[in-house]
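Peer 1: After the structure tokens below, expect a handful of questions from me.
The values are calculated or read from the model by the stated rules, or taken from the named source; none is laboratory data. Values in this document were obtained by computation on a predicted structure and should not be read as measured data. In this analysis, Cβ positions are derived from the backbone assuming ideal geometry, glycine residues included, and neighbour counts consider all displayed protein chains.
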Amino acid sequence: MVLVFSDNKNLSLELLNKGSELAKELGKNVTAVIIGESDDGLAKEYISYGADKVFIAEVDIDSFEAEKYAGILEKVLKETGAEIVLIGSNKNGKDLASRLAGRLDAGCVIDCTNLYLKDKKLTVERVVYSGNAIAVEQFNSKPSIVTIPSKVFDPLKKDDKHSGDIVKKKFDVEKSASKVLKVQEMQTGDVNVEDAEIIVSCGRGFKSKDDIKLVSELAEVLKGKTVGCSRPIAADLKWLSEDHWIGLSGHKVKPKLYVAVGISGQIQHIAGMRDSSIIVAINKDPEALIFKSADYGIVGDLYEVLPKLTSMVKDKMG
Amino acid sequence: MNIIVCAKQVVDVSEMKVDSKTKKPILQGVPQKISDIDKNAIEEAIKIKDKHGGKITVVTVGPSDAKERIKELLAMGADEGVLISSTDKYDYRIVSSLLAEAIKKIGEYDIVLCGEASIDMFSGQVGPRVAGLLNIPQITYAQNINAEKDKTVAMRNMGDKSVTTESSYPVLITVTKEINEPRLPSLMQILGAANKPINEWSAGSLTKELQPKVETIELKGIPMQRKNIVYKDDVDDSVKKLVDSLAKEGVLR
């Protein structure tokens, strides 16, 4: 049986697609797991998106704690005898999968971008060496634990006629020596780079926080309105919130058009945007790595290029 | 406060080249170094030791030349090194099990510190996996650690949320790159590190022989086909050409 879990609903729906495909190939079922309060509405939604069964582990937990969730999932695994466990690869999911793998002494691969059966063994692919290669990993043991990032798979088409069972079971939560004191939403606004069709990104080439308006202006006329950035702008300088951060440890994006301005093109950044359809680079250094990953580039001072580009795009779009 | 830091020797990915024909990475001859974020873990360990006293032990699973890398961490301020000589075949299961067994053998510890992930594989699996094996609490992606005498409080960057977690000891903590700026050791410290002990433990002395649960069957290249058209003359001309190209691509609508 294939088990699917994420604390993010959309990610669960995406995982259910791949999960039901693998389950069919194995002649097994796919079960979605809900941890926390019983939620029949959510369970029915999972069923309409491909789940053959929904296992609701009823527990009393306020916020996500990997220690407790791993303990519960371990019990669910024993109960269901799952062979493959797909977990949504946000930070909570990675923590959970890794700890669970330790508890069960099981094989585990994080951030898989492709999954299939080869010689009847679960085989997965993940990007390694900062986006320079893809490692093909094969499980030789069960259970096999895999985490999958968002947007790797699309959800199935909703099918209200698809039927499935809902199973509920109460679990006690193990005591943990740690506790969550505070959960604070990061200041976000409405930025969602992962869904954006057009992104204009800024990097270390910008001299001050105010200058980022040059990027938003171009994004605005391109009707993309989405501003991205490389690691230093979000993580070190904090000129933009981490919602804007594109890269290996930031967000992974695949817009139709990606414009990188003042970004040198470190492989960590490329790893986050390499799936874009068209990549444009603007940089004053003709040797900048970013040009190797770009379809079109302009060598020039961004402070001169950006206003001209914005005005010409505006004219062109009418 | 006894602190154990898990550090990994990795290839320096920024020095890595890709074979132009096969698109596969060339691993031979790439310089080795300690994974960057593990240095943040050492730096944090030194800060905690400065506050509470105690001892810092660095544990590495790797080939015998990793000893040279451990010396860098001893120069930064760790007190003792442990090198677990690895077998040729290893996966996350084997590395995590060896680290957990070595930590048990070291015995008394309050904090195990790791980087959030290694820069070569970037899984972030080993930290929480070792915590699971040791059955101790895990505090991941710490951006800030306040270690007190009988408990620690850390602020964690969980992406869309900032989570503050408290734990008693022992606890395993993984840190992000932003938590601190790792120090550069002075010449005196580098010379002094030569006198600090590095113990070599064989994998066989720690556990029975372990088989990997996951095997890497292939390392594939990533084809990156880009047009690489670069305009570098007059800015006005360049901008015009770029806008024309984008219009032809159909993205200006």
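Peer 1: State whether one or more residues within the range B:77-86 are hydroxyl-bearing (Ser, Thr, Tyr) and touching a residue at least 60 places away in the same chain (Cβ under 8 Å).
Peer 2: yes
Peer 1: Identify, by number, the condition in (1) among the acidic types (Asp, Glu); (2) over 30 Å from A:Thr123 (Cα atoms); (3) within 35 Å of the chain's Cα centre (by Cα) that B:Glu215 doesn't meet.
Peer 2: For B:Glu215, the exception is condition (2).
Peer 1: Can you find, within the range A:281-316, the residue that is farthest from the chain's Cα centre (by Cα) among those that are acidic (Asp, Glu) and in a loop (DSSP other than H, G, I, E, B)?
Peer 2: A:Asp301
Peer 1: If you don't mind, there's one more thing I want to ask. Considering each residue of the range A:137-146, count those that are more than 8 Å from chain B (Cβ to nearest Cβ) and in a loop (DSSP other than H, G, I, E, B), and give that number.
Peer 2: Counting residues in the range A:137-146 that are more than 8 Å from chain B (Cβ to nearest Cβ) and in a loop (DSSP other than H, G, I, E, B) gives 2.
Peer 1: From the list A:Val152, A:Val193, A:Val167, which one is of a type in the set (Val, Ile, Thr) and under 30 Å from B:Glu218 (Cα atoms)?
Peer 2: After applying the criteria, what remains is A:Val152.
Peer 1: Filter the strands (runs of 3 or more DSSP E) completely within the range A:12-108 down to those with at least 2 residues that are within 14 Å of another protein chain (Cβ to nearest Cβ) and either more than 20 Å from A:Lys158 (Cα to Cα) or in contact with a Lys or Arg (Cβ under 8 Å, 6 or more places away or on another chain) (or both).
Peer 2: On the way: elements: A:30-36, A:53-58, A:84-88.
Where strands (runs of 3 or more DSSP E) fall fully within the range A:12-108 and carry at least 2 residues being within 14 Å of another protein chain (Cβ to nearest Cβ) and either more than 20 Å from A:Lys158 (Cα to Cα) or in contact with a Lys or Arg (Cβ under 8 Å, 6 or more places away or on another chain) (or both), they are A:84-88.
Peer 1: Within the range A:217-234, is there a residue that is outside any loop (DSSP other than H, G, I, E, B), touching a Cys at 6+ places or on another chain (Cβ under 6 Å) and either surrounded by fewer than 16 Cβ atoms within 10 Å (Cβ to Cβ) or of a type in the set (Gly, Ala, Ser) (or both)?
Peer 2: Checked against the condition, which is being outside any loop (DSSP other than H, G, I, E, B), touching a Cys at 6+ places or on another chain (Cβ under 6 Å) and either surrounded by fewer than 16 Cβ atoms within 10 Å (Cβ to Cβ) or of a type in the set (Gly, Ala, Ser) (or both), the range A:217-234 yields no hits at all.
Peer 1: Taking the range B:199-253, which residues are facing chain A (nearest Cβ under 7 Å), assigned to a strand (DSSP E or B) and not hydrophobic (A, V, I, L, M, F, W, C)?
Peer 2: B:Glu215, B:Thr216, B:Glu218, B:Lys220, B:Gly221, B:Tyr231
Peer 1: Continuing with the same structure: All but one of (1) farther than 28 Å from B:Gln28 by Cα; (2) at the interface with chain A (Cβ under 7 Å from one of its Cβ atoms) hold for B:Ile173; which doesn't?
Peer 2: (2)
Peer 1: Oh, and also: Identify the single condition in (1) at the interface with chain A (Cβ under 8 Å from one of its Cβ atoms); (2) among the charged types (D, E, K, R); (3) more than 15 Å from A:Leu181 (Cα to Cα) that B:Lys149 does not satisfy, given that it satisfies every other one.
Peer 2: Of everything listed in (1) at the interface with chain A (Cβ under 8 Å from one of its Cβ atoms); (2) among the charged types (D, E, K, R); (3) more than 15 Å from A:Leu181 (Cα to Cα), B:Lys149 misses just condition (1).
Peer 1: Which residues, counting only those in the range A:237-280, are in contact with a Phe, Trp or Tyr (Cβ under 6 Å, 6 or more places away or on another chain) and part of a helix (DSSP H, G or I)?
Peer 2: Selection gives A:Met273 alone.
Peer 1: Inside the range B:182-198, can you point out the residues that are under 30 Å from B:Met155 (Cα atoms) and either touching a helix residue (DSSP H, G or I) at 6+ places or on another chain (Cβ under 7 Å) or assigned to a helix (DSSP H, G or I) (or both)?
Peer 2: Scanning the range B:182-198 gives B:Pro182, B:Arg183, B:Pro185.
Peer 1: Can you tell which of A:Gly50, A:Gly27 is more than 28 Å from A:Lys179 (Cβ to Cβ) and over 24 Å from the mean Cα position of the chain (by Cα)?
Peer 2: A:Gly27
Peer 1: List the pairs whose first member sits in the range A:125-136 and is facing chain B (nearest Cβ under 7 Å), whose second member is part of a strand (DSSP E or B) and small (Gly, Ala, Ser), and whose Cβ atoms are under 9 Å apart, counting only residues at least 6 apart or on separate chains?
Peer 2: A:Val128/A:Ala135; A:Tyr129/A:Ala135; A:Asn132/B:Gly221; A:Ala133/B:Gly221; A:Ile134/B:Gly221
Peer 1: A follow-up question, please. Please enumerate the residues belonging to the range A:145-173 that are hydrophobic (A, V, I, L, M, F, W, C) and modelled with pLDDT under 95.
Peer 2: Residues satisfying the conditions are A:Val152, A:Phe153, A:Phe171, A:Val173.
Peer 1: How many residues does the range B:3-18 contain that are of a type in the set (Lys, Arg) and assigned to a loop (DSSP other than H, G, I, E, B)?
Peer 2: Filtering the range B:3-18 for residues of a type in the set (Lys, Arg) gives B:8, B:17.
From what is left, the residues that are assigned to a loop (DSSP other than H, G, I, E, B) are B:8.
Of the residues in the range B:3-18, 1 are of a type in the set (Lys, Arg) and assigned to a loop (DSSP other than H, G, I, E, B).
Peer 1: Could you list, in sequence order, the residues of the range A:211-236 that are modelled with pLDDT under 90, more than 19 Å from A:Leu257 (Cα to Cα) and over 21 Å from the mean Cα position of the chain (by Cα)?
Peer 2: A:Asp236
Peer 1: Run A:Lys9 past the list (1) surrounded by 17 or more Cβ atoms within 10 Å (Cβ to Cβ); (2) touching a Leu at 6+ places or on another chain (Cβ under 8 Å) and report the number of the one that doesn't hold.
Peer 2: Here A:Lys9 clears every test but (1).
Peer 1: Please give the helices (runs of 4 or more DSSP H) falling wholly within the range B:19-125 in which 1 or more residues are closer than 21 Å to A:Cys108 by Cα and more than 16 Å from the chain's Cα centre (by Cα). Steps first, please.
Peer 2: On the way: elements: B:36-52, B:66-76, B:92-106.
Counting at least 1 such residues, we get B:92-106.
Peer 1: Taking the range B:177-192 only, how many residues are buried (at least 20 other Cβ atoms within 10 Å of the Cβ) and at pLDDT below 95?
Peer 2: Residues in the range B:177-192 being buried (at least 20 other Cβ atoms within 10 Å of the Cβ) and at pLDDT below 95: 1 in total.
Peer 1: Pull up the range A:147-188, narrow it to residues that are within 27 Å of the chain's Cα centre (by Cα), part of a loop (DSSP other than H, G, I, E, B) and within 12 Å of chain B (Cβ to nearest Cβ), then point me to the one that is nearest to A:Val85 (Cα to Cα).
Peer 2: A:Pro149
Peer 1: May I pose another question? Does the range A:150-162 contain any residue that is at positive phi and in contact (Cβ under 8 Å) with a residue 24 or more places away in the chain?
Peer 2: If we filter the range A:150-162 for residues that are at positive phi, which is where we start, we get A:151.
Checking which are in contact (Cβ under 8 Å) with a residue 24 or more places away in the chain leaves us with A:151.
Within the range A:150-162 (the criterion being at positive phi and in contact (Cβ under 8 Å) with a residue 24 or more places away in the chain), the answer is yes, since at least one residue qualifies.
Peer 1: Same structure again: Any idea which of A:Lys142, A:Lys179, A:Lys151, A:Lys120 is surrounded by fewer than 21 Cβ atoms within 10 Å (Cβ to Cβ) and not assigned by TED's automatic domain parsing to the domain that holds A:Phe64?
Peer 2: On inspection, the qualifying residue turns out to be A:Lys179.
Peer 1: Filter the range B:126-142 down to the residues that are assigned to a helix (DSSP H, G or I) and of a type in the set (A, V, I, L, M), then identify the one that is nearest to B:Val13 (Cα to Cα).
Peer 2: So the residue we want is B:Val126.
Peer 1: Now for a separate question. Please go through the range B:11-57 and give me each residue that is under 21 Å from B:Ile179 (Cα atoms) and within 14 Å of another protein chain (Cβ to nearest Cβ), ordered by number.
Peer 2: Across the range B:11-57, the qualifying residues are B:Lys33, B:Ser35, B:Asp36, B:Ile37, B:Asn40.
Peer 1: Within the range B:113-128, can one find any residue that is at the interface with chain A (Cβ under 7 Å from one of its Cβ atoms), of a type in the set (Ser, Thr, Tyr) and surrounded by fewer than 24 Cβ atoms within 10 Å (Cβ to Cβ)?
Peer 2: yes
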